[in-house]
Amino acid sequence: MLKTRVITALLLLAVLLPILYLNYFPAFAIVAVLFFGAAIWECARMFGAIGNRALACAAAAIVLLVLVLIKGNGGNMGSLFALCVALWLLRFTPSLGLGLPPRNSVGNHIVGFTYAISIFGCFLAILGLFLHSPIYLLSIMAIVWIADIGAYFCGKAFGKHKLAPSISPGKSWEGALGGWLLVLVIASLICVTPVARPLADTFPVQLFATWGWAGLSGVMTVLVMASVVGDLFESQLKRRAGIKDSSQLLPGHGGVLDRIDALIPVLPMVALLSYWF
């Protein structure tokens, strides 16, 4: 299992690192479109679509994303990003406590459609943030990865109080707090040390330069909370569907949604905030 996981990661890095290093948007857009189609296919399956219906959802989503890119390269999408933020605040986050509608109900289709919108917004944010600069995009993703790493190790070492036992029994409040603290420490160090100079175009540095310490700590806190909610919401969908992974498209890692679930609420929010930078 570990060998398969490592091989898959190395193959993905072999594709993505040259694109990121060369800052070549057309190649990055092709990869993003393919991953987006896979994510929508997984989403459709978790909400009850099977076979050709799920494939049709993925194909329609890919066509829509391509048309948006042809028209404007993913730019000027502030209204969509604001809608995504509102969906997470008003619909997806409350469902962690209130539960999800039955899979055969109209409410299920509504939630599925709105979750697909949030995935669409996430990928448009990925493309727009890449256009800002690859290092800027990576710095935002790193916030989520650092929070996840900190939560894992702190949860293993100190976790006693379950965060959402009915959704994801392995997560703890101590782990979430540890991930949040690790993000704050690393973001602060980047902003105050000479290392910040080659990383001047990263999100934490730009945020600190615009809004200072209060803005840095506040936004980092909100982003870490959003990443946890994104992770828990996908876990809730999988638990309702009775599956462990969203798919097996990435051997050893599960599906695309398993890898980006915490990014789905975070990236549109950052894209919206970035209009002020």
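The values are calculated or read from the model by the stated rules, or taken from the named source; none is laboratory data. Since the model is a prediction, treat every value here as computed from it, not as a measurement. Using ideal geometry, Cβ is built from the backbone for each residue, glycine included, and neighbour counts are taken over all protein chains shown. All accessible areas refer to the heavy atoms of the entire protein, side chains included, with ligands and DNA or RNA removed. Shrake-Rupley method; radii C 1.70, N 1.55, O 1.52, S 1.80 Å.
Structural remarks
- Charged side chains reduced to their Cβ positions (Lys and Arg at +1, Asp and Glu at -1) give the chain a dipole of some 580 debye around its Cα centre.
- Entry comment: accessible area of region 7-66 is 55 Å² per residue, from protein heavy atoms only and a probe of 1.4 Å.
- The 3J(HN,Hα) values that the Karplus relation (6.51, -1.76, 1.60; θ = phi - 60°) gives for region 250-266 are, in residue order, 10, x, x, 10, x, x, 4, 5, 5, 8, 10, 3, 6, 7, 4, x, 6 Hz. Gly and Pro appear as x.
- Under-5 Å amide H pairs with LYS171, H placed in peptide plane, nonlocal only: LEU163, ALA164
- A straight chain from TRP276 to THR4 at 0.36 nm per residue would run longer than the Cα-Cα distance by 93.7 nm.
- Residue-averaged [θ]222 nm for the chain, counting only DSSP H segments that reach four residues, each worth -39500 (n - 2.57): -25500 deg cm²/dmol
- Inter-site label distance for ILE149 and LEU12 at 7 Å from Cα along Cβ, in nm: 1.5 nm
- Given R0 = 25 Å, the distance between the Cβ atoms of SER133 and ILE30 translates into a calculated FRET efficiency of 0.85.
- Two-site FRET efficiency, ASP245 against ALA82, from Cβ-Cβ distance with R₀ of 35 Å, rounded to 0.05: 0.65
- Stretchable slack from ARG91 to TYR21, in nm (0.36 nm times residue separation minus alpha-carbon distance): 21.4 nm
- Accessible-area composition of region 1-274, carbon plus sulfur, in percent [1.4 Å probe]: 72 percent
- GNM result for the chain, Cα springs below 10 Å: residue of VAL183, VAL111, VAL256 fluctuating most strongly: VAL111
- Computed FRET value (nearest 0.05) for ARG103 with VAL192, which takes r as the C-beta separation and R₀ as 45 Å: 0.35
- Applying a DSSP loop filter and a limit of 14 other Cβ atoms within 10 Å to the trypsin sites (Lys or Arg not before Pro) in region 181-277 leaves LYS244.
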